[in-house]
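So the structure is just underneath, and the comments pick up after that.
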Amino acid sequence: MAAIYLNGKLVDRADAVVSVYDHGFLYGDGVFEGIRVYNGKIFKHQEHIQRLYESARAILLEIPLPPESLMQAIEQTVRAFGKPDGYIRVVITRGPGNLGIDPRKCEPQVIVIVDDIQLYPKELYESGLEIVTAATIRNHSNALNPRIKSLNYLNNILAKLEAIRAGCLEAIMLNTKGEVAECTADNIFLVKNGIVKTPPPDAGILLGITRNTILDLARADGIPTLECALTRLDVYTADECFLTGTGAEVIPVVKVDARPIGSGKPGPITRQLRQRYQTLVRE
Ligand code: PXG
């Protein structure tokens with residue numbers, strides 16, 4: 001059973017409710033994090049907390065407790081969940097106010113949910129994903145910066161729906177310059193001539209924690225890495241492609257827009273990095 005923390009205490013699922021006046025509900029006004037627990041250990045806890053507080057700061061939302069206390073609340077909720085592996089969703093909403101968008105009367109709500117994770121089917125990690133490029137462009141950084149992990153995910157949801165309607169599970173989102181940005185809930189990597197490449201922060205992406213971890217693991221293995229602008233041509237002519245995310249971990253991509261990538265099978269560097277990642281999360 002899920003464990004849920006709401007504004008200072010653990011509550012039953014039936015009591016885990018927020019107001020219909022909450023601006024998180026009315027306007028998507030809030031921020032969140034998705035974190036994994038492996039073998040009872042919260043993976044990259046500090047990094048997720050830092051990103052959460054930075055997202056909140058970017059939208060002038062004051063989280064009503066210091067990072068250390070929130071980390072303790074998360075640990076408490078993980079203990080209450082009781083299983084060694086799970087998924088943590090931390091949500092900070094602007095809180096209940098009146099019906100206008102003015103947030104000044106709102107009182108932020110702090111929610112932690114720990115539950116089982118919905119994983120991609122296991123076979124896909126062996127066979128690789130087929131994905132498409134979405135027509136929906138990733139939010140412009142001067143509008144709602146994709147670095148902010150806000151409750152406003154419609155941009156990504158619209159692209160996800162395009163993927164689903166094309167019979168795929170993920171879609172590549174391009175930025176306003178037409179460069180590859182990321183997928184709807186994962187970052188994207190290419191391997192070309194032995195170099196691991198991924199779009200840079202200014203491509204308008206969420207700075208994924210798995211993305212950073214993979215860059216570190218590649219460097220530790222002596223694989224050269226490059227954060228550079230990538231086009232669809234780079235994707236179509238890559239030797240390998242894979243996606244990274246807290247939920248997906250490292251998942252190979254073997255087809256993009258109906259074109260086979262490289263050999264059309266998960267590549268050796270993708271496999272190596274996935275293996276390294278699997279070892280690291282359970283260390
Ligand atoms: N890009 C976007 C747009 C994301 O939402 C990632 C990349 C990967 O970041 P991390 O830090 O996890 O390596 C994300 C995060 C889900 C789900 O249910 C996944 C995310 C967010 C919300 C829901 O699959 N991924």
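Counting lysine pairs in the range 3-115 whose alpha carbons fall under 22 angstrom apart, excluding pairs fewer than 8 residues apart on the same chain, gives 4.
From the Cα gyration tensor of the range 41-166, with a ≥ b ≥ c the square roots of its eigenvalues, which class applies: rounded if a/c is under 1.5, or else prolate if a/b is larger than b/c, or else oblate? Cα axes put the range 41-166 in the oblate bin.
DSSP bridge analysis restricted to the range 124-281 gives an antiparallel fraction near 70%, rounded to the nearest 5.
Nearest 5 is fine: what % of DSSP beta bridges in the chain come out antiparallel, could you say? Of those bridges, close to 85 percent are antiparallel.
Report the chymotrypsin sites (Phe, Trp or Tyr not before Pro) located in the range 115-219 that are in a DSSP loop and have at most 16 other Cβ atoms inside 10 Å of their Cβ, or state none. Here the chymotrypsin sites (Phe, Trp or Tyr not before Pro) that fit, given the DSSP loop and packing criteria, are Tyr153. In a Gaussian network model over the chain where Cα atoms closer than 10 Å are linked, find which of Leu273, Leu243, Leu154 has the largest mean-square fluctuation. So, out of Leu273, Leu243, Leu154, the one fluctuating most is Leu154. The gain in end-to-end length when the Lys41 to Ala2 segment is fully stretched comes to 12.3 nm, 0.36 nm per residue minus the alpha carbon separation. With just the Cα atoms defining each centre, how far is the range 179-209 from the range 119-176? Give it in Å. Using only Cα atoms, the two centres lie 12 Å from each other. Between Glu54 and Phe25, residue separation times 0.36 nm minus the direct Cα-Cα distance comes to 8.3 nm. Placing a label point 7 Å from the Cα of Ile164 along the Cα-to-Cβ line, the residues of the range 183-216 whose backbone N sits under 15 Å from it are 184-185. Of Ala134, Ala58, Ala220, the residue with the greatest mean-square motion in the GNM of the chain, using alpha carbon springs below 10 Å, is Ala220.
Each residue, Glu62 and Ile157, gets one label point 7 Å from its Cα in the Cβ direction; the gap between the two is 3.0 nm.
Its residue count N fixes a reference of 2.2 N^0.38 Å for the range 3-115, and the Cα radius of gyration divided by that reference is 1.05. The range 68-106 and the range 1-34 have Cα centres spaced 6 Å apart.
Above 22 Å, the calculated P(r) of the chain contains 59 percent of its Cα-Cα pairs.
Extending 7 Å from the Cα toward the beta-carbon at both Arg259 and Leu119 defines two label points whose distance is 3.2 nm. Qualifying GluC sites (Glu not before Pro) in the range 96-179, where qualification requires a DSSP coil assignment and no more than 12 other C-beta atoms within 10 Å, are lacking entirely.
Rounded if a/c is under 1.5, else prolate if a/b beats b/c, else oblate: with a ≥ b ≥ c from the C-alpha gyration tensor eigenvalues square-rooted, which is the range 1-48? Oblate.
For the chain, a Gaussian network of Cα nodes joined below 10 Å ranks Thr270, Thr184, Thr231 by mean-square fluctuation, and the top entry is Thr231.
The apolar share of the surface of the chain, taken as the fraction of accessible area on carbon and sulfur atoms (1.4 Å probe, ligands and nucleic acids excluded), comes to 53 percent. Annotation for the range 67-172: trypsin sites (Lys or Arg not before Pro) lying in DSSP loop with at most 11 further Cβ atoms inside 10 Å of their Cβ are Arg104, Lys122.
The values are calculated or read from the model by the stated rules, or taken from the named source; none is laboratory data. The model shown is predicted, which means the values in this text are computed figures rather than measured ones. Note that we place each Cβ from the backbone using ideal geometry, even for glycine, and neighbour counts take in every protein chain shown. Surface accessibility is based on the protein's heavy atoms, side chains included, excluding ligands, DNA and RNA. Shrake-Rupley method; radii C 1.70, N 1.55, O 1.52, S 1.80 Å.
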